[in-house]
1. How do LEU13, LEU208 line up, fewest other C-beta atoms within 10 Å first?
2. Using every Cα-Cα pair within segment 1-143, state what percent have a distance larger than 26 Å.
3. I need the trypsin sites (Lys or Arg not before Pro) found in segment 161-226, filtered to DSSP loop residues with at most 13 other beta carbons within 10 Å of theirs.
4. Just add up the charged neighbours of ASP214: K/R +1, D/E -1, any other residue whose Cβ is under 12 Å from the Cβ of ASP214.
5. Of LYS280, LYS104, LYS234, which is the most mobile in a GNM of the chain whose springs link Cα atoms less than 10 angstrom apart?
6. With 19 Å as the limit, write out which pairs from LYS26/LYS279; LYS5/LYS234; LYS137/LYS270; LYS26/LYS60 have Cα-Cα distances beyond it, or answer none.
7. State the percent of C-alpha pairs, over all pairs in segment 157-256, separated by a distance greater than 25 angstrom.
8. What does the charge add up to near PRO139, with Lys and Arg as +1, Asp and Glu as -1, over the other residues with Cβ less than 15 Å from its Cβ?
Amino acid sequence: MKIRKAVIPCAGLGTRFLPATKAIPKEMMPIIDIPMIQYIVEEAVRAGIQDIVFITGRNKDSIVDHFDYSFEIETMLDRKGNTPLADVSRNIAKLCNIITIRQKNPMGLGHAVLCAEPVIGNEPFAILLGDDLVDSKVPCIGQLIEIAEKNQASVVGVMEVPEKEVTKYGIVGGDRINDRLTHVRTLIEKPSVEEAPSRLAIPGRYVLSASIFDILRRTQPGKGGEIQLTDGLKTLAEREKLLAYEFEGTRYDTGDRIGYIDATIAFALKRPDLSEDVKKLLKKHMANLEGVVT
Ligand code: UTP
């Protein structure tokens, strides 16, 4: 079992970020000066994946353009002698092969994944959500691929969340194999605190067998009237081996305002060209805040 392709669903409407997402895809919003989607694609490429399938929709063309050459910008920069910056642009186009499929109506994440079937066919594949960033030494999806290949099984990435946050995620329940690995027996999308089978939440990284397509085709709309990937995964867990792996790394929910601010600060502090200035800014704002409080 070799994972060669990754699906990145990008067809959602991004309503949590309105009005910014009226005309700009949420996935193109930058963390500093790099669009979120580029971090996600780079994660997949670092994990050895070369074929990336974007599930797109109306108003999402800029995502695809970002991974092509930008002839005017690159030529102008070359002419001005700024080849290093021209290369920054060109290298994005060289990252990987891009395949796009339209999800003509955003009917949910499960439906978006099903749209990838004509490209994926019968092989296992990775899924990365476009608004979840994971900062880790070994790319998060690479960690899952290793577990999937070793165990010949589907794998969902999970992280432990505080009890009150289980209502925001798909939550897995099952038998612990070791510190990081669980054999999944059940999954519930956004359960109440009482219903939740554990505190292990699925943020947005998966390696799945192609059987998920047939399951999703038969999955009825669930919470919010959408075809939920979590509902499809529940059936997959009943039919085949599904593991949950607590990945190493820090995850940011960049589809949410606070998660987005958190990621921006964290990534800026890690950037050698920005960190000193950002620290000064943070100190200034904290001092102002303390001045107000006292
Ligand atoms: P989200 O629910 O976080 O994205 O879906 P959204 O619907 O764009 O955001 P809000 O809640 O309205 O702010 C997770 C991922 O799945 C994709 C989204 O683009 C996002 O990357 N998605 C979601 C689809 O591709 N199609 C869908 O029908 C729904």
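1. Values: LEU13 15, LEU208 28.
Lowest count first: LEU13, LEU208.
2. On the way: 2621 of 10153 pairs.
Cα-Cα pairs in segment 1-143 separated by more than 26 Å: 26 percent.
3. On the way: sites: LYS164, LYS168, ARG176, ARG180, ARG185, ARG199, ARG205, ARG217, ARG218, LYS223; in loops: ARG180, ARG199, ARG218.
Hits after loop and neighbour filter: ARG218.
4. My count for the surroundings of ASP214 gives +1.
5. Between LYS280, LYS104, LYS234, it is LYS280 that shows the largest mean-square fluctuation.
6. Numbers: LYS26/LYS279 27 Å; LYS5/LYS234 23 Å; LYS137/LYS270 13 Å; LYS26/LYS60 9 Å.
In this structure, LYS26/LYS279; LYS5/LYS234 exceed 19 Å between Cα atoms.
7. Cα-Cα pairs in segment 157-256 separated by more than 25 Å: 14 percent.
8. Summing Lys and Arg as +1 and Asp and Glu as -1 gives -3.
Rule-based calculations on the coordinates, nothing more; no lab input. Treat the numbers as computed from the prediction; the structure is a model and nothing was measured. We place every Cβ from the backbone using ideal geometry, glycine too, and count neighbours over all the protein chains shown.
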